[in-house]
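The values are calculated or read from the model by the stated rules, or taken from the named source; none is laboratory data. None of these values were measured; they are calculated from a predicted model. Every residue, glycine as well, gets a Cβ built from its backbone with ideal geometry; the counts of neighbours run over all protein chains shown. All accessible areas refer to the heavy atoms of the entire protein, side chains included, with ligands and DNA or RNA removed. Shrake-Rupley method; radii C 1.70, N 1.55, O 1.52, S 1.80 Å.
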Amino acid sequence: MPEEVLVVVGDRFPQFAANRGTVTASQLLERLRSGEAHGPLRLAVGQGLLPQQLAEIEKFTASGDGTAVCHGGVPVPAEHRVVRPGHPPTALIGRVERAAADRFTAPLLLDERVDLLQDRLSSQHVSAITLLEAARQTWVTVTEQFLLSDEERATCVISEVTGVRATYHHYVFPLPATVEFRLTAHRKVPAQRFGFTVSFHQNQRLTTEIAAEIGVLPEAVAKKQEALAARQALHDALAPLRAAQPATAAAPHQGGIPA
């Protein structure tokens, strides 16, 4: 029987799954569980799968019976502070790996439960705001895991993000895609700052570039600056209300000759 080549995507991408050469995760797993996949399946994992679906596909492809082979392997979600414990749907990227001294890569790995996907499920492509959040997760992960020392990692936080510039060259579809972080600048005085570009690639084509610069400060300093800024913002918000207060009325005269 001829080999069948398919891209598996999440069930929440029905518009894209209508294209030939695609299969939803539920449809694929139903075939594998029932034994209906008689011929060899060569698979690529696209976007929108649930963690349990990824794990089950991994189990079938690792069985060694030749029923299914996953090209490039089954991706694993990243583990970092932007992914809150107990909230795996917040992860938009897989594990980050160092490709060079100044370059890091990770697979784009969208969970269909991610809130940012919910309002664009009638479209075939991944929204720009979803890619922007994936870029944010990438620069946070790279900074924490690779750019900061052990001591800095324990005591510092990203205090600001400036100069964000996004360029969208092509649509990103729920197919396999790679996120790349490239460090472009680093200075330590007066405070540590990193400049970088996060780019997205699909089918060996550059689709999106997001450049920015971040500042890193000791957490105690960052919290102090935030508290001062919060008090100033509150003061500025209350100022117009105070200015609009009517003048205090004079106490009523009780009779007699005023002193």
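Hey, can you tell me all the residues within segment 161-176 that are assigned to a strand (DSSP E or B) and either in contact with a helix residue (DSSP H, G or I) (Cβ under 7 Å, 6 or more places away or on another chain) or open to solvent by less than 80 Å² (accessible area, probe 1.4 Å) (or both)?
Val161, Thr162, Gly163, Val164, Ala166, Thr167, Tyr168
Rundown of residues vs (1) modelled with pLDDT under 85; (2) touching a Lys or Arg at 6+ places or on another chain (Cβ under 8 Å); (3) under 30 Å from Lys188 (Cβ atoms), yes/no style:
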{"residue": "Ala211", "(1), (2), (3)": "no, yes, yes"}
{"residue": "Gly215", "(1), (2), (3)": "no, yes, yes"}
{"residue": "Pro218", "(1), (2), (3)": "yes, no, yes"}
{"residue": "Glu226", "(1), (2), (3)": "no, no, yes"}
{"residue": "Ala237", "(1), (2), (3)": "no, no, no"}
{"residue": "Pro240", "(1), (2), (3)": "no, no, no"}
{"residue": "Pro246", "(1), (2), (3)": "yes, no, no"}
{"residue": "Pro252", "(1), (2), (3)": "yes, no, no"}
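In the list Ala154, Ala185, which residue meets the criterion of being open to solvent by 40 Å² or more (accessible area, probe 1.4 Å), more than 30 Å from Val9 (Cβ to Cβ) and either at pLDDT 90 or above or touching a His at 6+ places or on another chain (Cβ under 7 Å) (or both)?
Working: Ala154 fails: either at pLDDT 90 or above or touching a His at 6+ places or on another chain (Cβ under 7 Å) (or both).
Testing whether each residue is open to solvent by 40 Å² or more (accessible area, probe 1.4 Å), more than 30 Å from Val9 (Cβ to Cβ) and either at pLDDT 90 or above or touching a His at 6+ places or on another chain (Cβ under 7 Å) (or both) leaves just Ala185.
Of the residues in segment 116-149, how many are open to solvent by 10 Å² or more (accessible area, probe 1.4 Å) and under 11 Å from the mean Cα position of the chain (by Cα)?
Of the residues in that region, 7 qualify.
What number of residues within segment 83-94 satisfy the criterion of being out of contact with any Asp or Glu (no Cβ under 9 Å at 6 or more places or on another chain) and either β-branched (Val, Ile, Thr) or at pLDDT below 65 (or both)? First the steps, then the outcome.
Residues of segment 83-94 out of contact with any Asp or Glu (no Cβ under 9 Å at 6 or more places or on another chain): 83-87, 93-94.
Next cut, either β-branched (Val, Ile, Thr) or at pLDDT below 65 (or both) only: 83-87, 93.
Adding up the residues that qualify gives 6.
Report, by residue number, each residue of segment 109-127 that is in contact with a helix residue (DSSP H, G or I) (Cβ under 6 Å, 6 or more places away or on another chain) and modelled with pLDDT of 75 or more.
Once the filter is applied, which keeps residues that are in contact with a helix residue (DSSP H, G or I) (Cβ under 6 Å, 6 or more places away or on another chain) and modelled with pLDDT of 75 or more, segment 109-127 yields Asp111, Arg113, Val114, Gln124, Ser127.
Within segment 218-238, take every residue that is under 18 Å from Arg193 (Cα atoms) and among the aliphatic types (A, V, I, L, M) and give me the one that is most open to solvent (accessible area, probe 1.4 Å).
Going through the qualifying residues, I end up with Ala220.
Answer with yes or no whether Val198 is touching a helix residue (DSSP H, G or I) at 6+ places or on another chain (Cβ under 7 Å), farther than 28 Å from Phe13 by Cβ and not in a loop (DSSP other than H, G, I, E, B).
no
Only residues that are assigned to a strand (DSSP E or B) and surrounded by 17 or more Cβ atoms within 10 Å (Cβ to Cβ): list them for segment 1-43, please.
As a first pass, look at segment 1-43 and keep what is assigned to a strand (DSSP E or B): 4-9, 22-24, 41-43.
Leu6, Val7, Val8, Val9, Thr22, Val23, Thr24, Leu41, Leu43 - these are the residues of segment 1-43 that are assigned to a strand (DSSP E or B) and surrounded by 17 or more Cβ atoms within 10 Å (Cβ to Cβ).
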